[in-house]
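Student: Mind having a look at this structure? Questions to follow.
The values are calculated or read from the model by the stated rules, or taken from the named source; none is laboratory data. A quick note: this is a predicted structure, and the numbers were derived from the prediction, not measured. A quick note on method: Cβ atoms are made from the backbone with ideal geometry, for glycine too, and the neighbour counts reach across all protein chains shown. For the accessible areas, the whole protein counts, side chains as well, though only heavy atoms, and no ligand, DNA or RNA atoms are used. Shrake-Rupley method; radii C 1.70, N 1.55, O 1.52, S 1.80 Å.
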Amino acid sequence: LKLSRNRLGSAMGPCASRSRRKVSSSTFAKAHVDLVQGSLNMIQFLQEVEKYPALYSNQRLLLEAIRRYEQIWLPILAKHGHQGLIPPLDVEWVWHCHMLCPISYQEEAKAIVGSAPDHELLPRSGSKFQAAKAKATKLWSEATTEPFDVQMEVPLVEQQIEGNYNSQIKYDLMSAAARQAAFHYQVAVLPHYRDKYFLELAVERYLDRFLELKRRRPNEFWVPTYDIDCVWHVHQLHPTAYIADTARLCGAVLPHDDSVNDRSEGSRLSNRWTATQDAWRAEFKTIGPVNPGSMYRGQLSLQERLQQPKQRELLEHPTQALAPSWEGYDVNLRAPWEESIESHQEVWLHRGAATQTELRGGLRRFSSIGSHTAQVVHGIAGSRK
């Protein structure tokens, strides 16, 4: 990656221009889950999964994880309950993906073990986490001779091995796992999703607007922004609360379908996003669900994924010549393949003070260099929704 710089002025944080309007306690009371802390815990978990990207795409690894989840972990939960237990990461990942299809999770878990075990998002460090892991390891060893942890540093792609295992889970967990790689890129890598005030506003938009829109117009398919979707995921990862809360707030349990991903003009997703904006404005008399830092920001290409270690190294350890004067400068990270592709250049622009004109209609991301938090434009501003 090539590094260049130019003077632009002081850096601005993602929430610097927002007044600190307090979110009402009555809003938080609508859910029987701390959705702000839950979001922080979920992002910690997603970052842990990201260390083993084969969990997104390796069919052999995922098929084995599904078997371990179905034949070992669900029976453990049915016998001992979920509280104070954290399974092996491969199993936890499959469980995570299964819960994000709440209707299928309820039906299929009940068919397998007679009930749909509850779940809670815990911080990924500290004494409570260590105790939950130790307890789960003990119960696992009592239930099977299989090892608790498996090797996850394996090739990104391996085909599944034919065997005699027939899963009772009909929901396509392998496809769901692959889709979560995109969700991680849209949410978990962005610093403002660790900002509690940003998350409080996201909870407000989810509970007071998105779920209310579903209650008022229950027969429609509404498209969330990524801040709303983040909170929605957290809610689903507490299944008992989610079932009760959405039934009360929406009039019925709210299904979740993240398989609708075609963003081309005229697609269902594109059409329903337009309808969501129109309905939001009509019902709530506000400008709509569009929210800075919460919008779709493109796909993570294979080339970008392969360049991530170098990008992180450059951001975390800048050259000594530039290090004393980072504040107030652009940091342009130019991808090495851009010069060979004349028709499509990819440039990361880490900008501390991009103008509203430059940002309007473009893709939004944020990035950090030490204490410098900056808004980032990806690609050509205004070229994509």
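Student: Scan the helices (runs of 4 or more DSSP H) fully inside the range 68-157 and keep the ones with 2 or more residues being charged (D, E, K, R) and open to solvent by 20 Å² or more (accessible area, probe 1.4 Å). Walk me through how you get there before you give the answer.
Tutor: Numbers: elements: 74-80, 89-99, 102-113, 127-143.
Ranges flagged: 102-113, 127-143.
Student: Do you know which residues across the range 272-296 are open to solvent by 30 Å² or more (accessible area, probe 1.4 Å) and either within 23 Å of the chain's Cα centre (by Cα) or closer than 29 Å to Pro191 by Cβ (or both)?
Tutor: Arg272, Trp273, Thr274, Gln277, Thr286, Ile287, Val290, Pro292, Met295
Student: Quick check on Phe221: is it open to solvent by less than 10 Å² (accessible area, probe 1.4 Å) and among the aromatic types (Phe, Trp, Tyr)?
Tutor: No: the conditions fail for Phe221.
Student: Does at least one position in the range 185-202 carry a residue that is open to solvent by 10 Å² or more (accessible area, probe 1.4 Å), small (Gly, Ala, Ser) and in contact (Cβ under 8 Å) with a residue 40 or more places away in the chain?
Tutor: The answer is no; no qualifying residue exists.
Student: Find the residue count for the range 211-236, including only residues that are farther than 22 Å from Met42 by Cβ and not aliphatic (A, V, I, L, M). I'd like the intermediate steps shown before the answer.
Tutor: Filtering the range 211-236 for residues farther than 22 Å from Met42 by Cβ gives 212-213, 215-221.
Next cut, not aliphatic (A, V, I, L, M) only: 212, 215-221.
So the count comes out to 8.
Student: When the residues of the range 1-44 are filtered to those that are more than 17 Å from Lys196 (Cα to Cα) and outside any loop (DSSP other than H, G, I, E, B), which remaining residue is modelled with the lowest pLDDT?
Tutor: Arg7
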